[in-house]
1. Would you please put 73-83, 5-15, 108-118, 139-149 in order of how densely packed they are, using the mean number of other Cβ atoms within 10 angstrom per residue and starting with the highest?
2. Counting only C-alpha contacts under 8 Å and six or more residues apart, can you give the relative contact order of the range 37-111 as a whole percent?
3. With every protein chain left in place, what is the accessible area per residue of the range 7-151 in square angstrom, probe 1.4 Å?
4. Roughly to the nearest percent, how much of the accessible area of the chain is carbon and sulfur, given a 1.4 Å probe?
5. Enter the Cα centre distance for the pair the range 59-96 and the range 112-147, rounded to the nearest angstrom.
6. Distance in nm between label sites at D141 and H53, each 7 Å beyond Cα in the beta-carbon direction?
7. Tell me the relative contact order for the chain as a rounded percent, counting alpha carbon contacts under 8 Å between residues six or more apart.
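The values are calculated or read from the model by the stated rules, or taken from the named source; none is laboratory data. Small disclaimer: the values here were computed from a predicted structure and weren't measured. When we count neighbours, we look across all protein chains shown, and the Cβ atoms used for this are built from the backbone with ideal geometry, even at glycine. Please note that ligands, DNA and RNA were not included when accessible areas were found on the heavy atoms of the full protein model with its side chains. Shrake-Rupley method; radii C 1.70, N 1.55, O 1.52, S 1.80 Å.
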Amino acid sequence: MAEIDGVRVVPLRRIADERGAVFHMLRCDDPHFEAFGEIYFSTVWPGAIKGWHVHDRMTLNYAVPVGMIKFVCYDERDSSPTRGNLVELFLGEQNYALVSVPPGVWNGFKGYGNGPALVANCATTPHDPDEIHRKDPFTPDIPYDWSIRHG
């Protein structure tokens, strides 16, 4: 798998018993914690795509406690040693992890499975519509095909 400079994947703990489960996400004393700006939750339906978007200043910290998504990052930063790399990850109930995406890295995700996925983002700054940029999920600017690959 290709890597992208600054994109981190940290396995997360789930503690389950007969009453339910606790899903850890991010603590202020974690070595990968940067800052707290806001946390929000997004749902995505199976087959729906949310992307592409990139932030100028915000670091994203994603976790998927419910459902499954295909999460993709693309590095278009001029000064990056990994410029042109793509990273594809499957996140959620079968692979519970925190993914940190630094500013300047394009990202998006697609819902998988039989029901909606719940995506949590603990961002390092509050949302600012002036520092986010968007592209159509099927833009030729990003060399990625969202369809299922068989075989």
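1. Output ranking for 73-83, 5-15, 108-118, 139-149: 108-118, 73-83, 5-15, 139-149.
2. It rounds to 47 percent for the range 37-111.
3. That works out to 54 Å² per residue.
4. Carbon and sulfur atoms account for 53 percent of the accessible area of the chain.
5. 10
6. According to this spin-label approximation, the distance is 1.5 nm.
7. It comes to 36 percent, rounded to a whole number.
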